[in-house]
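Chemist: I have a structure I would like to understand better, so I am pasting it below and will then ask my questions one at a time.
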Amino acid sequence: MTAVARRLTIHGRVQGVFYRKWAVQTATMLELTGWVRNRANGCVEALVEGPADRVERFIALARQGPAAAKVSRIDIIDCAPPGPSSFDKRPTV
């Protein structure tokens, strides 16, 4: 199965609602690699890599996020794999 990578910028009420923790748990459950971090502008950014069907499943789930989140949109950019070998939470930039 061919790996794909997508960089996501998640907009809405996504900081202060455990979105990054949810993203790490969800990516781990789907056996994806990458990272997630808050952005100073209030968005959450993530790089998600793995089999195309699992990456697309992550994106579909990310449109809801954790219970307290209110996602207004997700900007998606294709990236070139390979990338990280795990899924990590990174510092805000």
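Chemist: R0 = 35 Å: FRET efficiency of Glu56 with Lys21, Cβ-based, nearest 0.05?
Modeler: FRET efficiency, Glu56 to Lys21: 0.95.
Chemist: How many times 2.2 N^0.38 Å is the alpha carbon radius of gyration of region 3-83?
Modeler: Normalised Rg, Cα atoms only: 0.97.
Chemist: Taking 30 Å as R0, compute the FRET efficiency from the Cβ-Cβ separation of Ala3 and Thr92 and round it to 0.05.
Modeler: It comes to 0.65.
Chemist: Still on this structure: Relative contact order of the chain: what whole-number percent is it, with Cα pairs under 8 angstrom and at least 6 residues apart?
Modeler: The value is 46 percent.
Chemist: Across region 73-80, in residue order, what do the Karplus-derived ³J(HN,Hα) couplings come to in whole Hz, using 6.51 cos²θ - 1.76 cosθ + 1.60 with θ = phi - 60° and x for Gly and Pro?
Modeler: Going residue by residue, I get 6, 10, 8, 10, 10, 5, 10, 8 Hz, with x marking Gly and Pro.
Chemist: Please give the calculated 222 nm ellipticity per residue for the chain, where each DSSP H segment of at least 4 residues contributes -39500 (n - 2.57) and the sum is spread over every residue; nearest 500 deg cm²/dmol?
Modeler: Mean residue ellipticity at 222 nm (helix-derived): -7000 deg cm²/dmol.
Read-outs throughout are calculated quantities, based only on the coordinates presented, and are distinct from any laboratory measurement. Everything numeric in this text was worked out from a predicted model, so none of it was measured. Reconstructed Cβ throughout: ideal geometry from the backbone, glycine too, with neighbour counts over all protein chains shown.
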